[in-house]
Amino acid sequence: MTPATQQKVLGLYRKVLHIAKNWQSASGQIEETMREKEYIRNEARTLFRKNKNVTDPKLIKQCIEECEARIEIGLHYNIPYPRPIHLPPMGLAHKQGRTLRHQEKLRKISKPIYLKSHDEIS
């Protein structure tokens, strides 16, 4: 990892922790605010530790883009949790075969960048 990339990653980590420190829930309830603050800290800690040994520049770039997207979406909608998405249904595919593989491919392609790592840790 280049020093510039390392600085960017550390800056993002500090930014997330700063957001968690100053977070105020949409409802304004103290319990909910504390729960959301803890969620932000735990999510950041888990994801940054999980990806600390990544060396592939493309994967590092993807992780940085995901982090930036999740920060912007969280601040815009004032919710720390990933936004739900609507993926193509799997109900029409058989248990095996070309149709199932095609459905799985569609689901993978249609997943937005801010949810790439969410399924891996939850």
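When you go through (1) surrounded by 14 or more Cβ atoms within 10 Å (Cβ to Cβ); (2) modelled with pLDDT under 90 one by one for Arg41, which number turns out not to apply?
Going through the list (1) surrounded by 14 or more Cβ atoms within 10 Å (Cβ to Cβ); (2) modelled with pLDDT under 90, Arg41 breaks only (2).
Across the range 26-53, which residue is nearest to Pro80 (Cα to Cα) among those that are assigned to a loop (DSSP other than H, G, I, E, B) and in contact (Cβ under 8 Å) with a residue 12 or more places away in the chain?
Of all residues in the range 26-53, those assigned to a loop (DSSP other than H, G, I, E, B) come to 26-29, 51-53.
Those still in the list that are in contact (Cβ under 8 Å) with a residue 12 or more places away in the chain too: 26, 51.
Values: Ala26: 10, Asn51: 20 Å.
The extreme case among them is Ala26.
Of the numbered conditions (1) of a type outside the set (D, E, K, R); (2) at pLDDT below 90; (3) touching a helix residue (DSSP H, G or I) at 6+ places or on another chain (Cβ under 9 Å), Leu17 satisfies every one except a single condition; which is it?
Only one criterion in (1) of a type outside the set (D, E, K, R); (2) at pLDDT below 90; (3) touching a helix residue (DSSP H, G or I) at 6+ places or on another chain (Cβ under 9 Å) is unmet by Leu17, namely (2).
Answer yes or no as to whether Ala69 is at pLDDT below 95, of a type in the set (Gly, Ala, Ser) and surrounded by 11 or more Cβ atoms within 10 Å (Cβ to Cβ). Walk me through it before giving the result.
Details: at pLDDT below 95: yes; of a type in the set (Gly, Ala, Ser): yes; surrounded by 11 or more Cβ atoms within 10 Å (Cβ to Cβ): yes.
So Ala69 fits the description; yes.
So that you can scan it fast, the table gives a plain yes or no per residue for (1) at pLDDT below 90; (2) open to solvent by less than 70 Å² (accessible area, probe 1.4 Å); (3) acidic (Asp, Glu):
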site: Thr55; (1), (2), (3): no, no, no
site: Ile73; (1), (2), (3): yes, yes, no
site: His76; (1), (2), (3): no, no, no
site: Arg83; (1), (2), (3): yes, no, no
site: Leu100; (1), (2), (3): yes, yes, no
site: Ile109; (1), (2), (3): yes, no, no
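If you scan the range 1-25, which residues turn out to be of a type outside the set (Ser, Thr, Tyr), assigned to a loop (DSSP other than H, G, I, E, B) and closer than 15 Å to Gly74 by Cα?
Asn22, Trp23, Gln24 - these are the residues of the range 1-25 that are of a type outside the set (Ser, Thr, Tyr), assigned to a loop (DSSP other than H, G, I, E, B) and closer than 15 Å to Gly74 by Cα.
The values are calculated or read from the model by the stated rules, or taken from the named source; none is laboratory data. For clarity, every value in this text was computed on a predicted model and none was experimentally measured. Ideal geometry is used to build each Cβ from the backbone, glycine not excepted, and the neighbour counts take in all protein chains shown. Ligands, DNA and RNA are excluded from the accessible area calculation, which covers all protein heavy atoms including side chains. Shrake-Rupley method; radii C 1.70, N 1.55, O 1.52, S 1.80 Å.
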